[in-house]
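Asker: Have a look at this one before I ask anything.
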Amino acid sequence: MTGQTPTKVDMDKIVSLCRRRGFIFPSSEIYGGLSSCWDYGPLGVELKQNIKQAWWRAVVQERDDMVGLDASILMHPQTWAASGHLEGFSDPLVECKSCHLRWRSDEVKDNSCPSCGGELTEPRLFNLMFKTFMGPIEEEASVVYLRPETAQGMFVNFQNVVNTTRKKLPLGIAQIGKAFRNEITTGNFIFRSREFEQMEIEFFVKPGTDKEWFNYWLEERLNWYVKLGIKRENLQLRPHTKDELAHYARECIDIDYLFPMGWSELEGIANRGDFDLVQHASHSGKELNYFDEETKEHFVPYIIEPSAGVDRSALAFLCDAYDEESDNDEIRVLLHLHPTLAPIKVAVLPLSRREKLVALAKQIYADLRQRWMVQYDDAQSIGRRYRRQDEIGTPFCITIDFQSLEDEQATIRERDTMNQIRIPISELKTALAAKLGGEELFVLPPGGKIWKVEREGGEL
Ligand code: ATP
């Protein structure tokens with residue numbers, strides 16, 4: 001974590017918005033919380049789901065060289081011997097002699113405790129894997145680990161996947177799932193937690209083509225964030241130096257994001273060579289290679305691994321979307337979330353609670369809900385309701401007023417520009433689908449009439 005920090009958003013604002021609006025809560029909060037574990041609330045779970053779906057769509061659904069997998073969290077303990085996690089997955093730690101807090105030795109300066117300034121011990125190694133026991137007896141022989149990454153499930157299933165899909169190389173396996181690390185220095189909200197979710201790809205290629213595929217995935221993954229709304233200037237590529245390369249990697253480049261605490265890793269792309277398949281073949285005694293029918297060669301594929309975090313992505317999307325605008329005497333807080341990621345796509349807001357209006361609004365709400373996550377809100381002034389939706393990133397509000405009962409039209413109000421248009425209620429669904437797909441607001445439906453755009457001017 002180095003360099004500049006962003007100007008508009010600080011972590012406290014994001015944490016407070018997430019808490020206040022039901023995106024993210026501390027885990028088991030009524031008991032005082034559990035360090036570095038987080039619960040995703042009603043809006044957070046939607047955001048996270050949308051991120052995972054967008055990723056799955058881009059890396060599995062829309063490709064013919066990728067398939068999915070959902071391996072179990074608990075794996076045979078030999079997995080971790082083969083992967084190097086039992087031996088190498090440790091961080092050198094130092095402990096403060098006065099307050100006994102532990103720190104990663106690469107994160108402290110001048111051999112003094114960042115908390116109290118006390119003297120620190122010599123670094124010692126500490127394994128980051130959570131241990132538990134399988135079966136009724138708690139003994140050394142029944143130790144299993146909560147996986148610290150999803151990757152190993154894909155390596156050990158390589159042969160199963162090739163045999164059952166009959167696909168040829170290059171071939172990728174994608175997986176989304178929980179991972180657990182007993183991290184030493186946690187903090188920065190969901191950036192580094194002890195239980196988190198990863199979205200990982202293991203892309204198996206013929207040796208010699210690995211560099212080309214490494215570059216391909218680097219660009220592909222960078223573009224994914226940009227397409228979903230992250231500003232390009234807030235992303236940077238950071239190649240690992242020789243000293244920091246992991247034991248399995250030939251090359252690694254991080255996609256860093258300019259988080260409120262500075263540039264930090266969002267995703268890592270690694271060229272793992274043949275390390276994993278060779279290791280698992282030797283520990284399991286099973287052959288893990290590939291037969292190329294065209295060249296009649298057997299070889300051990302190389303693996304390109306783009307490894308992303310769901311939680312870190314959620315944090316980056318939230319930080320990047322956060323905005324404050326002055327609006328008369330007030331500050332309008334809004335999340336410019338990409339419509340694909342927005343937890344709620346549309347809010348239906350009747351101008352009053354009068355029976356006739358409510359009946360129409362509820363009917364529209366029931367109809368739109370078939371297709372999207374929609375909220376119905378009739379509490380307080382329309383201006384306040386708009387602000388509530390702005391703050392959670394809802395792209396569109398539909399306002400139903402008394403005129404609607406006569407002309408069967410409703411107003412669509414857009415979050416970012418606050419532009420408003422009136423369109424026939426019968427065309428709401430088509431219009432919203434077009435809008436959520438990125439079409440210009442005033443040409444609705446696609447190729448159809450040009451609806452009048454008005455700037456939100458006070459109350460409707
Ligand atoms: P760091 O150096 O920040 O600890 P790492 O290099 O150990 O991260 P990887 O092992 O490459 O991380 O894991 C791949 C991705 O998984 C990371 O880019 C990140 O998005 C996510 N990730 C890893 N550890 C955590 C964690 N403790 N909390 C949340 N996300 C994590």
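Asker: Once the chain is represented by equal point scatterers at the alpha-carbon sites, with solvent omitted, what log10 I(q)/I(0) does the Debye formula produce at q = 0.11 Å⁻¹?
Answerer: -0.98
Asker: Residue 336 to residue 131: FRET efficiency via 1/(1 + (r/R0)^6), r the Cβ-Cβ distance, R0 25 Å, to the nearest 0.05?
Answerer: 0.05
Asker: So, in nm, how far is label residue 367 from label residue 292 when the simple model puts each one 7 Å beyond its Cα toward the Cβ?
Answerer: 5.8
Asker: Here is a further query. For region 207-283 and region 342-416, what is the centre-to-centre distance using only Cα atoms, to the nearest Å?
Answerer: Taking the Cα centre of each part, region 207-283 and region 342-416 sit 43 Å apart.
Asker: Let me ask something else about it. Using a Förster distance of 35 Å, how high is the FRET efficiency between residue 107 and residue 141, based on the Cβ-Cβ distance and rounded to 0.05?
Answerer: FRET efficiency, residue 107 to residue 141: 0.45.
Asker: Can you figure out the FRET efficiency of residue 283 with residue 20, using R₀ = 35 Å and their beta-carbon distance, to the nearest 0.05?
Answerer: Taking R0 as 35 Å, the efficiency between residue 283 and residue 20 is 0.10.
Asker: A follow-up question, please. For 369, 332, 353, what's the largest-to-smallest order of accessible area, 1.4 Å probe?
Answerer: My answer, sorted largest first, is 353, 369, 332.
Asker: Mean separation of Cα pairs under 8 Å and 6+ residues apart, divided by the residue count of region 97-162: what relative contact order is that in percent?
Answerer: 21
Asker: If I ignore ligands, DNA and RNA and count only protein heavy atoms, how much of residue 100 is accessible to a 1.4 Å probe, in Å² to the nearest 10?
Answerer: Solvent-accessible area, nearest 10 Å²: 110 Å².
Asker: In percent, what relative contact order does region 279-365 have, based on Cα pairs under 8 Å that are 6 or more apart in sequence?
Answerer: This gives 12 percent for region 279-365.
Asker: What does the charge dipole of region 388-441 about its Cα centre add up to, to the nearest 20 debye, if the Cβ of each Lys and Arg holds +1 and the Cβ of each Asp and Glu holds -1?
Answerer: For this selection, approximately 160 debye.
Asker: I've got another one for you. Starting from the 7 Å offset along Cα-to-Cβ, what nm value, one decimal, do you get for the label separation of residue 241 and residue 168?
Answerer: Label-label distance for residue 241 and residue 168, simple model: 4.4 nm.
Asker: Also, I was wondering about something else. With charges only on Cβ, +1 for K and R and -1 for D and E, what is the dipole size of the chain about its Cα centre, in debye, rounded to 20?
Answerer: My answer is approximately 1080 debye.
Asker: Separate question: What is the magnitude of the charge dipole of region 256-358 about its Cα centre, with +1 placed on the Cβ of each Lys and Arg, -1 on the Cβ of each Asp and Glu, and no other charges, expressed in debye to the nearest 20?
Answerer: 680
Asker: Under 5 Å between amide hydrogens, which residues at least 5 positions from residue 133 or on another chain qualify, with H placed 1.01 Å from N in the peptide plane?
Answerer: Close amide H contacts, sequence-distant or interchain: 144.
Asker: Something else now. Over 22 Å between Cα atoms, which of 48/211; 97/131; 52/362; 168/206 qualify?
Answerer: Over 22 Å Cα-Cα: 48/211; 97/131; 52/362.
Asker: For a quick check of your reading of the filter: which trypsin sites (Lys or Arg not before Pro) in region 130-218 sit in a DSSP loop and have no more than 10 other Cβ atoms within 10 Å?
Answerer: Of the trypsin sites (Lys or Arg not before Pro), the ones in loops of region 130-218 whose Cβ has at most 10 other Cβ atoms within 10 Å are 166.
Asker: Let me have the relative contact order for the chain, percent, based on Cα pairs under 8 Å that are six or more residues apart.
Answerer: Over the chain, the number comes to 13 percent.
Asker: Any chance you could give the angle, 0 to 90 degrees and rounded to 10, that helix 210-227 forms with the longest Cα principal axis of the chain?
Answerer: 30
Asker: In the chain, which longest range has no GluC sites (Glu not before Pro) that are both DSSP loop (not H, G, I, E or B) and surrounded by at most 13 other Cβ atoms within 10 Å?
Answerer: The longest such stretch corresponds to 140-286.
Asker: Right, here's the next one. Using the reciprocal of the averaged 1/r over all distinct C-alpha pairs, how large is the Kirkwood radius of region 207-332 in Å?
Answerer: It is 17.1 Å.
The values are calculated or read from the model by the stated rules, or taken from the named source; none is laboratory data. Just so it is clear, the model here is predicted, and its values are computed rather than measured. Cβ sites come from the backbone with ideal geometry, for glycine too, and all protein chains shown count toward neighbours. The area values use the complete protein model at the heavy-atom level, side chains included, leaving out ligands, DNA and RNA. Shrake-Rupley method; radii C 1.70, N 1.55, O 1.52, S 1.80 Å.
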